[in-house]
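Participant: Let me give you the structure first, and then I'll get to my questions.
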Amino acid sequence: KFWPQMSSGQPHAETVSLTPSGDFDGLALSDKNVRGVDSSSHGLNREIPVQLWKPERPLPPHAPEASQSRPCHCPVCSEVPEELRQPEFGRDETEDTSDLRNSAQPIIVGIYPRGLSRVALAEIGRHGMHVVSHFEKHCAILFKHSRGTGFDAPIELSTFMLLFELCGEPVPLPPTASIANVGTAADAHARSIASTWRSRLRPFTRWRATIHRNGRTQQFKSPDIALVIGDALAGVGAISLAPCCTAGPEVDLTSFGVEVIVYISDGVDELRVVCGSSRKALIGEELLLLGTRCPSSTVRVATMGVEKGTLLSRAGDTEAFCVAQLALDLPELPSRNLRILDPMCGVGTYLLSLRWALARRVTPGRCSELIGVDMDPESIACANSNAERLSEGPITSFLLSSSAALPLQDATIDLIVVDPPWGQRHANHNYVKRNFPKWMAEWLRVLRPSGTAVVVTICTSLMENVVLPRFRQDVTLEDRVQFDNKGWTQCRLYVLRRTSSNLCCG
C-alpha cells in the first residue's frame, strides 16, 4: 500500500521499543522478526517478536519540497530534500506555473468510441465548451467549459466512455512503449508538476489508480502500470509513503476518495485493421494522459443503468447514447410531434438513450412518442421496468410483437433506430440472413416518406450486398459510419432515407 524510501536503499532491521499503548517509537524494516522491547510502566522488559513490512523495490530520490509545506514529519518524510527556492510572497504554493494552461477551469479529457469523434465534438459544442486539443488517433479530446466552480452538480456528457481532469501536459511515448518507458515518462511528468499532484491528492485520505488502455499492441498489463504510477507519485510526496506517513492518501481499491486516471493509447486505428490494413504499418507514437477524478469533478459520464435481468444484451450506454445523438442531429426531422420506433428494442437501451437525449435538447415538446417493439416477453418486461425507473423524457410505450409484423399503421413513424440481431448471441447468422430483408420491408412500411432509418449492425456484407440492393428503389443511403462497438470494430451504422411513397419491394 505504501512506497517507502530508505536512506540506504536496502532493507534493514533495528530494535524498537513498544509504548504502553503498543505503538512503535520508530520505524523498523526487516524481512525477519525483530525484537521489540516492552517498556511499560511496570518496568518489565520483554522481547516480543514482531513481523514488519519490507519494501519490494527501491524508488527514485524524493523530489525537493519546502519543509513548511510538508504535512508529515515521519522518518520517511524527514529524508525529503529541502527545496532551495524560497516561496514568493503572496503566491499560493499549490499553484503550478509550469503548466501554461493551468486555470480556474481544469482541462477535461474525454475518451470516445473510435469512429464517433463527430458525435462527441457536437455534444461539446452544444454545451458551449472549448476544444483545446483533439488527438483523433487516440480517440481523446481535451476541452474546457466556462462554467464556474460554484455549481450544484457536474455536467453529464453522454458520448464519452471516460472523463477526467488532466494533470499537466499530454506525454508522448515511443512506438511499442515498454513498461520502463512508461515509468520514466510518468516520473518526469510528476516531478515537472509536483505541486499540482500534491494539491490534487493530499486533501484525500484514500486513493487508487485506474488504468485505461486503448490498443492491441501493448506488451504490458494494467497492474504493471499501476506500480510505476505509484512510484512516480511517491517520488513527489503526493501519496502516503509508509504506514506511519500522513503526507498523502493511502491506497484503497474500494473506499477511495480520489482516482488517479491513467490513459495509454497506441494510436492504431483498428477500424482500418479490420478492413485489411496492416496493424504493423499503423504503429506510431503512443500517448500517455494522467489526471484525476473525484466526486467534485466538474463533468461525469452519463449512465442509464439499464437492467437486463438474465437476458444477453451487448448494447452499452455510451454506444447507445452516441447512436441516439447522431440520429437526433440528422436534418429534416420534424421539429415537433416526432414519433420514434425501435422495432427490435430488447430491454430498451437505444430507446431510453433517445429519451434521455431528447429530454436535454433545447426544443421543448419536440417528441410526442417513443415506441419499442420486441417479440420476447421477458425483454418487454425489462424494458417497461427500465422506462418506469428512468422516468424523465417523453412518453414511451413497449409492445409485444414481431418485427416482421409490426402493430402500426403505414407511414406513421418519423425515425427508426434499430440494432437487429447479429447472429452472435441471438439466433444465428442463417436466421439473420433469411429474415433481414423481411424486417427491412416492414420497417419501411411504417416509415413515412422522407422518414429516416438508422440501422446498426456487424452484418455489413449482408446489408451492403443483399439488403440495400434489394431496396435501392425505396431508400437512399445517406451515411455510413464505421465505429468500435465494444470491441466489434467491423460494426457500421447506416442512415437510410425512404424516398418512395409506395414500396417497390416487400
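The values are calculated or read from the model by the stated rules, or taken from the named source; none is laboratory data. What you see is a predicted model, and the numbers here were worked out from it, not measured in a lab. Here Cβ is always computed from backbone atoms with ideal geometry, including for glycine, and neighbour counts include all displayed protein chains. When the accessible area is computed, the model is the full protein with side chains, heavy atoms only, and any ligands, DNA or RNA have been set aside. Shrake-Rupley method; radii C 1.70, N 1.55, O 1.52, S 1.80 Å.
Participant: Among residues belonging to the stretch 276-307 that are assigned to a loop (DSSP other than H, G, I, E, B) and among the aliphatic types (A, V, I, L, M), point out the one that is farthest from G168 (Cα to Cα).
Facilitator: Restricting attention to the stretch 276-307, the residues satisfying the condition of being assigned to a loop (DSSP other than H, G, I, E, B) are 276-278, 283-285, 294-298, 302-307.
Those still in the list that are among the aliphatic types (A, V, I, L, M) too: 283, 302, 304, 306.
Details: I283: 25, A302: 25, M304: 32, V306: 36 Å.
By that ranking, first place goes to V306.
Participant: Checking D474 against (1) of a type in the set (D, E, K, R); (2) open to solvent by 10 Å² or more (accessible area, probe 1.4 Å); (3) modelled with pLDDT under 95; (4) closer than 23 Å to L333 by Cβ, only one condition comes out false. Which one?
Facilitator: Against the list (1) of a type in the set (D, E, K, R); (2) open to solvent by 10 Å² or more (accessible area, probe 1.4 Å); (3) modelled with pLDDT under 95; (4) closer than 23 Å to L333 by Cβ, D474 comes up short only on (2).
Participant: Kindly provide the set of residues from the stretch 347-367 that are part of a loop (DSSP other than H, G, I, E, B), at pLDDT below 90 and either of a type in the set (A, V, I, L, M) or at positive phi (or both), ordered by number.
Facilitator: V362, G365, listed by residue number.
Participant: Return only the number of the condition from (1) farther than 17 Å from L162 by Cβ; (2) under 18 Å from the mean Cα position of the chain (by Cα); (3) of a type in the set (S, T, Y); (4) modelled with pLDDT of 95 or more that T292 does not satisfy.
Facilitator: The failed condition is (1).
Participant: Just wondering, is there one or more residues in the stretch 285-298 that are surrounded by fewer than 16 Cβ atoms within 10 Å (Cβ to Cβ) and polar (S, T, N, Q)?
Facilitator: Yes, the stretch 285-298 has at least one match.
Participant: Checking V268 against (1) part of a loop (DSSP other than H, G, I, E, B); (2) modelled with pLDDT under 95, which test does it fail?
Facilitator: Just one mismatch for V268, condition (2).
Participant: List pairs: first in the stretch 260-288 and on the phi > 0 side of the Ramachandran plot, second outside any loop (DSSP other than H, G, I, E, B), Cβ under 9 Å, 6+ apart or cross-chain?
Facilitator: Qualifying pairs under 9 Å: G267/F135; G267/K137; G267/H138; G267/N214; G267/L282; G267/E286; G267/L287.
Participant: Looking only at the stretch 167-201, which residues are touching a Leu at 6+ places or on another chain (Cβ under 9 Å) and either open to solvent by 10 Å² or more (accessible area, probe 1.4 Å) or at positive phi (or both)?
Facilitator: Across the stretch 167-201, the qualifying residues are G168, E169, P170, V171, P172, I179, N181, G183, A185, H189.
Participant: A further question on this structure: On the basis of being more than 30 Å from F160 (Cβ to Cβ), in contact with a strand residue (DSSP E or B) (Cβ under 8 Å, 6 or more places away or on another chain) and open to solvent by 10 Å² or more (accessible area, probe 1.4 Å), does S461 make the cut?
Facilitator: When the stated conditions are applied, S461 does not pass them.
Participant: Considering only the stretch 466-500, state which residues are of a type in the set (D, E) and either farther than 26 Å from R114 by Cα or in a strand (DSSP E or B) (or both).
Facilitator: D474, E478, D479
Participant: Residue by residue through the stretch 61-74, note down the ones that are modelled with pLDDT of 80 or more, part of a loop (DSSP other than H, G, I, E, B) and either under 19 Å from P249 (Cβ atoms) or open to solvent by 20 Å² or more (accessible area, probe 1.4 Å) (or both).
Facilitator: Within the stretch 61-74, H62, A63, P64, E65, R70, P71, C72, H73, C74 qualify.
Participant: May I ask you to say which residue of P421, P394, P407 is part of a loop (DSSP other than H, G, I, E, B) and buried (at least 20 other Cβ atoms within 10 Å of the Cβ)?
Facilitator: Testing whether each residue is part of a loop (DSSP other than H, G, I, E, B) and buried (at least 20 other Cβ atoms within 10 Å of the Cβ) leaves just P421.
Participant: Need pairs with beta-carbon distance below 6 Å; first residue open to solvent by 10 Å² or more (accessible area, probe 1.4 Å) and within the stretch 434-449, second acidic (D, E); sequence gap 6+ or separate chains.
Facilitator: Cβ pairs passing all conditions: R445/D410.
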